[in-house]
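Undergrad: Dropping a structure here in structure tokens format, bear with me for questions.
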Amino acid sequence: MAQQTICIEIARSEGAIQRLFGLIERRGFELCSFSMPEVHPHGSNDAMHVTVGINARDTSRSVDVLSRQISRLHGIKRIGREMPATKHNEKDEVPRERVS
């Protein structure tokens with residue numbers, strides 16, 4: 001199963017990241033990557049922007065369901081998904097001008 005990326009804006013509070021990671025694990029997903037820039041892009045200090053890469057442990061796990069569950073956690077301000085991470089292969093790349 002391909003890795004999925006979820007972007008989350010979460011309030012800066014004690015235990016916020018622990019609650020997020022715990023939910024991801026309990027709902028049957030593996031945490032593959034995690035990033036959190038030190039500075040909020042808009043200059044706000046009350047929220048953190050977290051990007052997590054996850055893989056479902058089996059095919060019965062839905063990232064949409066996980067996203068809804070994350071959105072209900074205390075302190076979650078916003079959540080969004082990015083396209084699944086794929087391996088880039090230059091031989092398979094089609095130049096933009098040739099795509100119709």
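The values are calculated or read from the model by the stated rules, or taken from the named source; none is laboratory data. Note that the structure is predicted; figures quoted are calculated from it, not measured. Don't worry about glycine lacking a Cβ; one is built from the backbone with ideal geometry, like all the others, and counts go over all protein chains shown.
Undergrad: Filter the range 73-100 down to the residues that are assigned to a loop (DSSP other than H, G, I, E, B) and either surrounded by 10 or more Cβ atoms within 10 Å (Cβ to Cβ) or among the polar types (S, T, N, Q) (or both), then identify the one that is modelled with the lowest pLDDT.
TA: As a first pass, look at the range 73-100 and keep what is assigned to a loop (DSSP other than H, G, I, E, B): 73-75, 83-89, 93-95, 99-100.
Keeping just the survivors that are either surrounded by 10 or more Cβ atoms within 10 Å (Cβ to Cβ) or among the polar types (S, T, N, Q) (or both) gives 73-75, 84-86, 89, 100.
Details: LEU73: 95, HIS74: 93, GLY75: 93, PRO84: 44, ALA85: 45, THR86: 44, ASN89: 42, SER100: 39.
Step by step, filter the range 73-100, then rank; the result is SER100.
Undergrad: Further question: State yes or no: is ALA56 surrounded by 14 or more Cβ atoms within 10 Å (Cβ to Cβ) and at pLDDT below 95?
TA: Details: surrounded by 14 or more Cβ atoms within 10 Å (Cβ to Cβ): yes; at pLDDT below 95: no.
Considered against the rule, which asks whether it is surrounded by 14 or more Cβ atoms within 10 Å (Cβ to Cβ) and at pLDDT below 95, ALA56 comes out as no.
Undergrad: Name the residue that is surrounded by the fewest Cβ atoms within 10 Å (Cβ to Cβ), counting only residues in the range 2-23 that are among the small types (Gly, Ala, Ser) and free of Cβ contacts under 8 Å to residues at least 40 places away in the same chain. Steps first, please.
TA: Taking the range 2-23 first, the residues among the small types (Gly, Ala, Ser) are 2, 11, 13, 15-16, 22.
With the extra rule that they be free of Cβ contacts under 8 Å to residues at least 40 places away in the same chain, the set shrinks to 15, 22.
Details: GLY15: 10, GLY22: 12.
Result: GLY15.
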